[in-house]
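The values are calculated or read from the model by the stated rules, or taken from the named source; none is laboratory data. Fair warning: this is a prediction, and the values are worked out from it, not measured in the lab. With ideal geometry, Cβ positions are generated from the backbone for all residues, glycine too; neighbour counts draw on all protein chains shown.
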Amino acid sequence: MVFPDTEPGAVFNTRGMKAPIDIEKVDKNGHIVESYKSVPPGIQQIPTGPYEGTVIETPSEGYRDGGFLQKGGKKP
């Protein structure tokens, strides 16, 4: 998900999500001004910092290709 023009001090959450996500806020020059990795479901308040920018939510690394792998590279 992409949330353009997110105001300074905006707060996000992961209520109702089923898997962890990564969250980054990028300013108008393309610089990352806030970053969270592998945020678990159920977090109530995730601050996005004192700058305006675009918030980008992506699946956490282990979920990008359909979930985590078991030992030996097999899917559970």
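Six or more apart or on different chains, Cβ atoms under 9 Å: show the pairs whose first residue is in segment 26-41 and more than 19 Å from R15 (Cβ to Cβ) and whose second is hydroxyl-bearing (S, T, Y) and in a strand (DSSP E or B). Once the first residue is more than 19 Å from R15 (Cβ to Cβ) and sits in segment 26-41, its partners that are hydroxyl-bearing (S, T, Y) and in a strand (DSSP E or B) give V26/T54; D27/T54; K28/T54.
When segment 5-30 is filtered for residues that are surrounded by 13 or more Cβ atoms within 10 Å (Cβ to Cβ) and not hydrophobic (A, V, I, L, M, F, W, C), the ones remaining, listed by number, are T6, N13, T14, P20, D22, E24, K25, D27. Of all the numbered requirements in (1) more than 13 Å from F12 (Cβ to Cβ); (2) modelled with pLDDT of 95 or more; (3) within 13 Å of the chain's Cα centre (by Cα), E52 misses one, and that requirement is (3).
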